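Down below is the structure, laid out as structure tokens.
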Amino acid sequence: MGRTALADARVATLVTGGCPAPSIPTIVRVEPGAEAHAQFWLEPSSPTVARLSRWPMATLVVAAPLPFRTLALTGAVRSGSDDGSACRAFDLVPTSARLVGARAQAIRLEEFLGAEPDPLRREAAAILRHLAAAHAAELLGCLRAHGYVEAVAVVPRTLNRYGIELVALSNHGVQNVWLAFPEGPVATLHDVGPGLRTVLMCRCRSRQTE
């Protein structure tokens, strides 16, 4: 999830300074760099460049998939070259990573560095919209088959290489349900079992008109 958040990020908050100096946030353009580094750009005249020259450590914060809100990477900052638009590139080499939401979850650095972005991230949003619009009945049947017999409606919420998260609605309230792919983690939708794969890869008319 952490590498997926970094791969999808295009803007981030860079936090420099810290004890004893106050932390100062700066909005930066960001892209994933090589070896899980985060690359960002600053104008040479930015005060942040001067701060980094004195203390080349920072925290980069980007949006993260649910159930978290942000991914925070802390590490050493190395100066690079400009990008042809009067901005200078910098690399943040992570020394720690954590996902932050209702609670914070540290990511082991070796796991973060060795992970790959989720292979379904580019198509997940469109698939979830299509499932909600055209296949709610099939999802409800699937949910009931997994023991949630009192569910009266279902909303698909999250899809990734490990499975799909559904929101089940019943007369007793709302419940998040995680259905893991038995074949997971998968590299493509072709790796999903035939029953669910048919729905996930559906190309029916309602999807074509979205």
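Of the complete DSSP H runs in the chain, those spanning 15 angstrom or more by Cα along the long axis with a mean Kyte-Doolittle score not below -0.5 are 121-134.
Computed over the stretch 87-156, the range of Cα coordinates on each principal axis works out to 52, 29, 22 Å, biggest value leading. Remark: the stretch 157-164, residue by residue, has Karplus-estimated 3J(HN,Hα) of 10, 9, 9, 8, 5, 8, x, 10 Hz, where x stands for each Gly or Pro and the curve is 6.51 cos²θ - 1.76 cosθ + 1.60 at θ = phi - 60°. For a distance above 28 Å, tell me the whole-number percent of Cα pairs in the chain that qualify. Roughly 42 percent, rounded to a whole number. Amide H contacts of residue 161: 120, each under 5 Å away and 5 or more positions distant or on a separate chain (H built 1.01 Å from N in the peptide plane; Pro and chain starts excluded).
With contacts taken as Cα pairs under 8 Å at a separation of at least 6 residues, the stretch 121-208 carries a relative contact order of 23 percent. Close amide-amide hydrogen proximity is noted between residue 115 and no other residue 5 or more places distant or on a separate chain, at a cut-off under 5 Å (H modeled in the peptide plane; Pro and chain starts excluded).
The stretch between residue 187 and residue 133 holds 16.9 nm of extra length on full extension. This uses 0.36 nm per residue minus the Cα-Cα distance.
For the stretch 95-100, 3J(HN,Hα) computed residue by residue from phi via the Karplus equation (6.51, -1.76, 1.60; θ = phi - 60°) reads 10, 7, 9, 8, 9, 10 Hz, glycine and proline entered as x.
Computed over the stretch 131-210, the percent of Cα pairs more than 17 Å apart is 46.
Among 60, 131, 71, the largest mean-square fluctuation in a Gaussian network model of the chain, built with springs joining Cα atoms closer than 10 Å, belongs to 131.
So for 127, 164, fewest C-beta neighbours within 10 Å to most, what's the order?
Working: 127 20, 164 25.
By the 10 Å Cβ count, ascending: 127, 164.
Taking 0.36 nm per residue of sequence separation and removing the Cα-Cα distance, the residue 66/residue 106 pair yields an extension gain of 12.8 nm.
In order along the stretch 172-184, the phi-based Karplus estimate (6.51 cos²θ - 1.76 cosθ + 1.60, θ = phi - 60°) of 3J(HN,Hα) comes to 9, x, 10, 9, 7, 10, 9, 10, 6, 6, x, 8, x Hz; Gly and Pro are listed as x.
The trypsin sites (Lys or Arg not before Pro) of the stretch 108-210 meeting both criteria, a DSSP state outside H, G, I, E and B (loop) and at most 14 other C-beta atoms within 10 angstrom of the site's C-beta, are 108, 203.
Among 142, 87, 204, a tally of other beta-carbon atoms within 10 Å of each Cβ gives an order, fewest to most, of 204, 87, 142.
Read-outs throughout are calculated quantities, based only on the coordinates presented, and are distinct from any laboratory measurement. These numbers were taken from a predicted model, which means no experiment stands behind them. Cβ: placed from backbone, ideal geometry, glycine included. Neighbour counts: every protein chain shown.
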